[in-house]
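The values are calculated or read from the model by the stated rules, or taken from the named source; none is laboratory data. None of the values given here were measured: they were computed from a predicted structure. Glycine gets a Cβ as well: all are built from the backbone with ideal geometry, and neighbour counts include every protein chain shown.
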Amino acid sequence: MEAFNYRKAGSADEAVSTLASAADGKFLAGGMTLLPTMKQMLATPDTLVDLGGASELVGISRDGDNLVIGAMTTHATVAGSAEVHSAIPALAALASGIGDPMVRNRGTIGGSIANADPAADYPAAVVGLNATVNTNKRSIAADEFFVDVFETALADDELVVSVSFPIPAKAAYQKFPNPASRYAVVGVMVAQTGDGVRVAVTGAGPSVFRASSFEDALGGNFSASALDGLSVSADNLNEDIHASAAYRANLVGVMAKRAVAAC
Amino acid sequence: MAAAEPLNTGIGESVTRVEDSRFLRGHGNYVDDIILPSQTYAVMVRSPYARATVNGIDTSAAMGSGGVLAVLTADDFSAFGGLPCGWQVHSKNGDPMTEPKHPILAEGAVRHVGDPVAVVIAESKAEARRAAALVDVNYTEMSPLIDMQGAVAGSAELVHSDTPSNVCFDWELGDEAATEAAIAGAAHVTRLELVNNRLVPNAMEPRAAIGDYNTANGEHTLYTTSQNPHVIRLLMGAFVLSLPEHKLRVIAPDVGGGFGSKIFHYAEEAIVTVASKLIGRPVKWTADRSESFISDAHGRDHLTTVELAMDANGKFLALRATTLANMGAYLSTFAPSVPTYLHGTLLAGTYTTPAIYTNVKGVFTNTVAVDAYRGAGRPEASYLLERVVDLAAIETGIDPVELRRRNFIQPDAFPYDTPVALTYDIGNYQATLDMALEKTDAAGFEGRKAASAARGKLRGRGIACYIEACGIAPSNIAGALGARAGLYEAATVRVNPTGSVAVLTGSHSHGQGHETTFAQVVSDTLGIPIENVDIVHGDTGKIPFGMGTYGSRSIAVGGAALANALDKIVLKGRQIAAHLMEASADDVVFKDGQFSIEGTDKSVGFGDVALTAYVPHNFPLETLEPGLEETAFYDPKNFTYPSGAYVCELEIDKETGVIDIVDFHASDDFGNIINPMIVEGQVHGGVAQGVGQALMEGAVYDDNGQLMTGSYMDYCMPRADDLPNVTVSNHVTACTHNPLGVKGCGEAGAIGSPPAVVNAVINALGDYGVKHIDMPVTAHKVWSIMNANGN
């Protein structure tokens, strides 16, 4: 790891201005991806702006038909929150399956979605539940937020403040974990939302995506059997030593059915 | 005198582990915990390429970096030798194996990713790390040899340019002609090609070493994560650095797991030893986990074709196995012995196969060195044998249990000479198999299978019978087979004046629990509580010359040395007691800590005898030396032969291929057992590693020689929730040739479990006509096979 300047911001505004004054700065949320990356010298920022002092970024609240989760809220907090359990139990379950206890107690929702790891769990929740990502500048619809591998709609100086999840009628997340890393080889969030049925897939492609044929079928008949005979194309799905594209395509179907059954 | 209260700390008691008190409270003392005054830190510069020439190394920028004390390259080690190999195998034509130099630091070429090229020593680890990135090595990258079949092809380029080929040795064992004849005439021959997957040992504690040179007396101390400190002192002192023993002390303190990978002498040990003298300060090196993946010797990595010939009744007639065994880029300390004498000799297994022939080629490749890993050759033998037997059962339609029974060596056939050089002293293979079948309700399997099917799962059941050879011995035979070391063990029993006891043993505990088990042997023999016994190990400055711990040898060889030393203590104690009681030593018996004369009420306690030995006022000084301290060196007459039968039952999810082990039973014959709880723990750990090999673990190199599975993100170590609830049972046939009747238990779990698991997978996939799936049998592989064309 290269030496770097450490700045702890007391508020979101201070974090943004501190970052602006750094030559090559980065926000530090839970650090669960950034710090290992720096240890491997794959990232060498000159300044880290720690968001841990910005208390307005932490917390879970109900805002009408939305559940609003502050960007610096840890996975463990989401997993253990009575508010989340009552509003969107699928979200609490998803958070409880991220990484290991250390990751869950340090990692945050804002850090996870800003990083946009193609195998992370939260992107499936944000897209599957049709959430809105609120930043210091604007609000971004879920379908616009994730762009590509480790790429989002966020500008370099843009900070995720919170994520608003419309409370669905039903939702469930099913994940096929990588046996080594326990990231999602495939993770599928299925939800009955005010916008209709949404099926969001993480892990399988370069970025989270919606399985529109599944959504159409489930819109007519919300049951696992509605997905019989349907599949996503293996074209453009990820391939690595753990799973071929064909296997991932299969797992998308299996996890989607299991998610519907779990709803 | 009233009978002594029972101690409950003797042989056969599940005494809780003495050492756990310090381990569980964080009071262990591992190499990296040791901080010496003025200590400095070493960081290795390692090759990023699998095969390259090193045209030059510019260390100037690194030298100028903050806190740097020295940057060393091969030029700084030119006065020293290469790392030695401790076992010389001969090819079938009589030629000795090819033994290319294994330099401490790369000399003009690098041969695997992770090959050390230079070392930076600095005031802090961070400064050393920063400077290491500034060492400018000028490489010319070349196309590496990764695949073994490619490496042995006639046209292949050479891993070592000064060798005739990449074949290190071309070894054989057994009667080739008789085996060929039996195969040619057999009613049925089952043939199988299989891979024994390469594993990364992944001890919980990464390797570490501290060199500490004392300028006052010219003595070097090396603290190192070793399973055998005396072996390291001998190898490094005599063969690498030319240091005499009395100027080199090697200390292996608490060590957090080894599994074989900490047997070997590694370059870093020599580097910190030399560097400490150069800079006049202690030098510490501690591997990080990424470094461990590319510098610890790996395990297994065999490519084998096996043929099993049978008569019409399923009686085995002959077995032939042809293997390519990966040596990696350099010969690690005991690498050549693993696929040869620890593998070929086990190919009879538990069966009466009359003709066996094996040919093993050791192959150099541009990968990390491969050496002993829990089981070391014996898991590979057990795996190929139990897989081909299971496949033979499928092909002949004979039930796999029945096929094994028809071919077992019978309990009355011992001692039994196999056609591959071993003499089994004792065993009862039917007994452990019967026990394993009964414990796992063999009769109820079809019902359970139907229940699984109703839930959409494929249920499979696999059995595997294994035998292993532990406690490599005797030294003279091992020497004739190529060992360059003795294979005895030493123990000193030092009775203190007030009756407490220190045992100084050459065995080394790095998780096995010797401080408990060895103390139980003392407690049992001398009738004293284990609180009064200290087990001292791991310091060449304290312990007698001993060979350390590997190959399940500690209790079978080290324990035997201890038992013999204790016998000497009792013998001398009887003479002292006889003097005190004015009797003949022949009339003195020793029981429960009391020396007494049978038929009388005369008695004297062990503590009084000990005190008398050191305060010899009333002592037969004319015939006996004062003191009560005895040493025994024990060289076994034969290997020990633990054996057993393992049963695995599992379910496969048809939609995903995921395998869930739902029942696992290990039935073992370890001979007499000192501590059943510790033995069960050893079996659990071995099974965890065996299940890991069978279903999860596998080191994968890409064509450029980069280790694709270089971290826990991609190398799948089994975790608690991956593992079944393992149950165990034991049948005892006591070893016939050591004083405790023990056989050893450290490796059995890792030997018996991989074939049991894979046999169960193939059994579950019976409807798919699958003959074999190579390990690790991942969900992805299983699904792909179930969904291949035609399925």
If we keep only residues of region B:279-300 that are in contact with a Lys or Arg (Cβ under 6 Å, 6 or more places away or on another chain) and in a loop (DSSP other than H, G, I, E, B), then the residue surrounded by the fewest Cβ atoms within 10 Å (Cβ to Cβ) is B:Ala287
Item to complete: Might you check whether a residue that is within 23 Å of B:Asp371 (Cβ to Cβ) and part of a loop (DSSP other than H, G, I, E, B) occurs anywhere in region B:511-518?
Response: yes
Note on region B:301-312: residues farther than 30 Å from B:Val110 by Cα and either assigned to a strand (DSSP E or B) or touching a helix residue (DSSP H, G or I) at 6+ places or on another chain (Cβ under 7 Å) (or both) are B:Thr305, B:Val306, B:Glu307, B:Leu308, B:Ala309, B:Met310
The lone condition B:Leu173 fails out of (1) more than 14 Å from chain A (Cβ to nearest Cβ); (2) assigned to a loop (DSSP other than H, G, I, E, B); (3) buried (at least 17 other Cβ atoms within 10 Å of the Cβ); (4) not charged (D, E, K, R) is (2)
Can you spot a residue in region B:740-749 that is closer than 26 Å to B:Pro642 by Cβ and in a helix (DSSP H, G or I)? yes
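Condition check ((1) modelled with pLDDT of 95 or more; (2) part of a loop (DSSP other than H, G, I, E, B); (3) closer than 24 Å to B:Thr549 by Cβ; (4) not aromatic (Phe, Trp, Tyr)) across all residues:
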{"site": "B:Ala318", "(1), (2), (3), (4)": "yes, no, no, yes"}
{"site": "B:Ala321", "(1), (2), (3), (4)": "yes, no, no, yes"}
{"site": "B:Ser332", "(1), (2), (3), (4)": "yes, yes, yes, yes"}
{"site": "B:Gly349", "(1), (2), (3), (4)": "yes, yes, no, yes"}
{"site": "B:Asn359", "(1), (2), (3), (4)": "yes, no, no, yes"}
{"site": "B:Arg374", "(1), (2), (3), (4)": "yes, yes, yes, yes"}
{"site": "B:Ala381", "(1), (2), (3), (4)": "yes, no, yes, yes"}
* Asked: Is at least one residue of region B:762-779 under 19 Å from B:Gly692 (Cβ atoms), within 14 Å of chain A (Cβ to nearest Cβ) and part of a helix (DSSP H, G or I)?
  -> yes
Flagged pairs (Cβ under 7 angstrom, 6 or more apart or on separate chains; first in region A:252-263, free of Cβ contacts under 8 Å to residues at least 60 places away in the same chain and buried (at least 20 other Cβ atoms within 10 Å of the Cβ); second of a type outside the set (A, V, I, L, M) and not in a helix (DSSP H, G or I)) are A:Gly253/A:Ser231
Notebook entry, point to check: Would a scan of region B:682-704 turn up a residue that is among the hydroxyl-bearing types (Ser, Thr, Tyr) and either at positive phi or more than 14 Å from chain A (Cβ to nearest Cβ) (or both)?
Noted result: no
Just one listed residue, out of B:Asp534, B:Asp539, B:Asp524, is among the acidic types (Asp, Glu) and out of contact with any strand residue (DSSP E or B) (no Cβ under 6 Å at 6 or more places or on another chain), and it is B:Asp524
| On the given criteria, is B:Ala184 out of contact with any Lys or Arg (no Cβ under 7 Å at 6 or more places or on another chain) and crowded, with 17+ Cβ neighbours inside 10 Å? | no
The condition of being surrounded by 24 or more Cβ atoms within 10 Å (Cβ to Cβ), in a helix (DSSP H, G or I) and either modelled with pLDDT of 95 or more or outside the structural domain of A:Ala204 (by TED's automatic domain parsing) (or both) holds, among A:Gly110, A:Gly52, only for A:Gly110
Practice item. Check region A:134-149 and report whether any residue there is touching a Gly at 6+ places or on another chain (Cβ under 7 Å) and away from chain B (no Cβ under 14 Å). Key: no
Scanning region A:222-246 for residues that are within 11 Å of chain B (Cβ to nearest Cβ) and either in contact with an Asp or Glu (Cβ under 6 Å, 6 or more places away or on another chain) or touching a residue at least 12 places away in the same chain (Cβ under 8 Å) (or both) gives A:His242, A:Ala243, A:Ala246
Among residues of region B:715-739 being buried (at least 20 other Cβ atoms within 10 Å of the Cβ) and part of a loop (DSSP other than H, G, I, E, B), the residue nearest to the other protein chains (Cβ to nearest Cβ) is B:Cys716
Restricting region A:1-20 to residues that are among the hydroxyl-bearing types (Ser, Thr, Tyr) and surrounded by fewer than 18 Cβ atoms within 10 Å (Cβ to Cβ), the one nearest to A:Val49 (Cα to Cα) turns out to be A:Tyr6
Here the residues within region B:541-579 that are crowded, with 24+ Cβ neighbours inside 10 Å and either part of a loop (DSSP other than H, G, I, E, B) or without any contact (Cβ under 8 Å) to a residue 40 or more places away in the chain (or both) are B:Gly546, B:Met547, B:Gly548, B:Thr549, B:Tyr550, B:Gly551, B:Ser552, B:Arg553, B:Ala577
Q: Say whether the condition of being in contact (Cβ under 8 Å) with a residue 40 or more places away in the chain, surrounded by fewer than 17 Cβ atoms within 10 Å (Cβ to Cβ) and in contact with a helix residue (DSSP H, G or I) (Cβ under 6 Å, 6 or more places away or on another chain) is met by at least one residue in region A:21-36.
A: no
Whether any residue in region B:266-278 is of a type in the set (A, V, I, L, M, F, W, C), surrounded by fewer than 18 Cβ atoms within 10 Å (Cβ to Cβ), closer than 17 Å to B:Gln39 by Cα and touching a Phe, Trp or Tyr at 6+ places or on another chain (Cβ under 9 Å) is what I want to check. yes
Residues of region A:213-232 being part of a helix (DSSP H, G or I) and of a type in the set (Gly, Ala, Ser), in sequence order, are A:Ser213, A:Ala217, A:Gly219, A:Gly220, A:Ala224, A:Ser225, A:Ala226
Looking only at region A:209-221, decide whether some residue is of a type in the set (A, V, I, L, M) and within 14 Å of another protein chain (Cβ to nearest Cβ). no
| message | It is to be established whether one or more residues within region B:410-419 are assigned to a loop (DSSP other than H, G, I, E, B), aromatic (Phe, Trp, Tyr) and over 30 Å from B:Gly94 (Cβ atoms). | response | yes
